[in-house]
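A short reminder: the numbers here are calculations on the coordinates, not readings from a lab. Quick caveat, the model's predicted, so the values are computed rather than measured. Heads up, the Cβs are rebuilt from the backbone with ideal geometry, glycines too, and the neighbour counts pull from every protein chain shown.
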Amino acid sequence: MRQLFLLLQKELTELVRTKKAMVLLIVFGIFGIMNAALAKLTPWMISLMGDSLAEQGITFGAISVTALTAWTQYFKNLMMEYILILALFSGIFAQEYQSGTLINLLTKGVSRQKVALSKLLIALFGWSVCYWLTFFITLGYSAYYWENALTNGIWLAAFCAYIMGVWLLSLELAFASALQSGMYALLLTGGVFVLCYALGMLPALTRFLPPRLGDGLSLLTGDMESTDYLPALWISLAFSVVQSALCMVGIRKKQL
Amino acid sequence: MDVLELTGVEKRFGERTVLKNLSLSVPEGAIYGFIGENGAGKTTTMKIILGLLAADDGEVRICGEKVVYGQTRTNRFVGYLPDVPEFYGYLTPKEYLALCGGLAGISQNALRPRAEELLSLVGLTSAANRHISGFSRGMKQRLGIAQALIHRPKLLICDEPTSALDPTGRKDIIDILRAIRSETTVLFSTHILPDIERVCDQIGLLHDGKLILSGRLEEVRAMHTKSGFVVEFAEESETVSFLSVYPGGEADTTSRLIYPTATRADMIEAMKLLGDMRLCPLKIEQREPSLESLFMEASVE
């Protein structure tokens, strides 16, 4: 237990001192602010362009902006958040493999699984902090500007999107622990996502595949029921567990 | 008792056999010089000892316990200094030693004095709170020794610790190794032979994946008595006339003759001749078999 604690402490120090934590917090903070700000500014921007658009025969009626507009923006930005977090943690194993920094620790008798577990936990911790930071900033601004900020179904929708991040991150780390390059891990994760997304086009499969979890907006607009998300949610959770286990197996077989 | 024992170790990378039936043993308290040219298999051997590589055949024992590939418990006996030790640049030496010591299971109370003791041993006390990212190669090498010794290992394995350093850096490392010899057994690989002569008492010569020479340094030297002698004259003419009477010498410079394969009896004969010829050399001396000559001789055989 002490070994795991020390490894977690080391990973956390790394995040802070290499400024990764700062970059993540700033960018995810900006995401949170932008979601509400863009919604709030939409009518103003449209009125700004209104005259020139009117000349082309496009006219607008009264534009009503609600908390739902901010949440729409929130779900549209999700893909950027996934890419950012995956890119930032893609090298978490590779940089140690390539530089040989793990050798000193492993020859002290640390188990490889603990090394992998510490990295997995710190990546999930990073994702959790960043994701919920964006969520609560969006929520805070929405509550300030509009009524009914807690749109029906928002908690489940947000949780599903969070779990999709957990699935993607554990998938990436499973690749990363077995590979020498972080870029390959990132690309393979992207590949698996695209594959799942493509398979999701088949109506029979769409309910079961993790990408369904990113579509929280349909729950807010009432196009889907909460039960429509459950199969994908359970499957993503199960995959995440399996992938985390694979991450710890990957490092065992790694020749350093 | 032997701290380290390798029996019949084989290692292949694809078609290439890197270690061929390698057996060696390192007795307790020794500083064992593990010599070999680049690519001889020194690093591979060390990685197998540490369980970082799997041997294809044979057995490695440390303090009597068998080494297994991957997660090996024998590493608690071992401190390892890689050839180019790498650290987390964002940590300070103090923090790094605290991490390593903690991972090796040293109690919190014992850790701080041990880290301070080691930092002073390797001369890094003044840099103890600086980030490692700004360290020179020599400083990293010294910190590498400190981290390897943090848990008082029975066996310290150093992979070419002096190869990348300037003469001062090399001397520092050799001095540190000398200072710790009472505490731990050292296995020290290198291709810099003078370093071995300065610090090691046992040597093993690895060539082409096999140990072709091993034992106590003096014994190995004594086994190779055909070390010859050197005569040095003041004048070139003396050199020429002596060589014509006593052939077999190689002119090293115009005034220096080396008889590389001559025995003691040959040398006495030469001295007699010098007297008969009334030649007075500047010096005549037995050649101490240098490691270099042993190395060359053994590699050729």
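Summing charges over neighbours of B:PRO281, with a neighbour being any other residue whose Cβ is under 12 Å away from its Cβ, gives -1 when K and R count +1 and D and E count -1.
Remark: region B:50-60, residue by residue, has Karplus-estimated 3J(HN,Hα) of 8, x, 8, 10, 8, 7, 7, 7, x, 9, 10 Hz, where x stands for each Gly or Pro and the curve is 6.51 cos²θ - 1.76 cosθ + 1.60 at θ = phi - 60°.
Packing around the peptides B:106-112, B:171-177, taken as the average count of other Cβ atoms within 10 Å per residue, puts them in this order, highest first: B:171-177, B:106-112. Straight-line cross-link reach from A:LYS254 at under 15 Å between alpha-carbon atoms covers these aspartates and glutamates, not counting any fewer than eight positions away in the same chain: A:GLU96.
Please check: in the Gaussian network model of chain B (C-alpha springs, under 10 Å), which one of B:ARG114, B:ARG198, B:ARG142 has the largest mean-square fluctuation. Of B:ARG114, B:ARG198, B:ARG142, the most mobile in the Gaussian network model is B:ARG198. Of all the options B:THR72, B:THR45, B:THR190, the one that moves most in a Gaussian network model of chain B with Cα springs shorter than 10 angstrom is B:THR72. Helix-only arithmetic for the protein assembly as shown: the sum of -39500 (n - 2.57) across DSSP H runs with n ≥ 4, divided by the residue total, places the mean residue ellipticity at 222 nm at -17500 deg cm²/dmol. Shown in residue order for region B:190-206 are the 3J(HN,Hα) couplings computed by the Karplus curve 6.51 cos²θ - 1.76 cosθ + 1.60 at θ = phi - 60°: 6, 10, 8, 5, x, 4, 4, 5, 6, 10, 8, 10, 10, 9, x, 10, 9 Hz (x for Gly and Pro). Looking at this model, which pairs from A:LYS253/B:LYS210; A:LYS19/B:LYS140; A:LYS253/B:LYS42; B:LYS42/B:LYS66; B:LYS42/B:LYS171; B:LYS47/B:LYS154 are more than 26 angstrom apart at the alpha-carbon? Where the Cα-Cα span goes over 26 Å, the pairs concerned are A:LYS253/B:LYS210.
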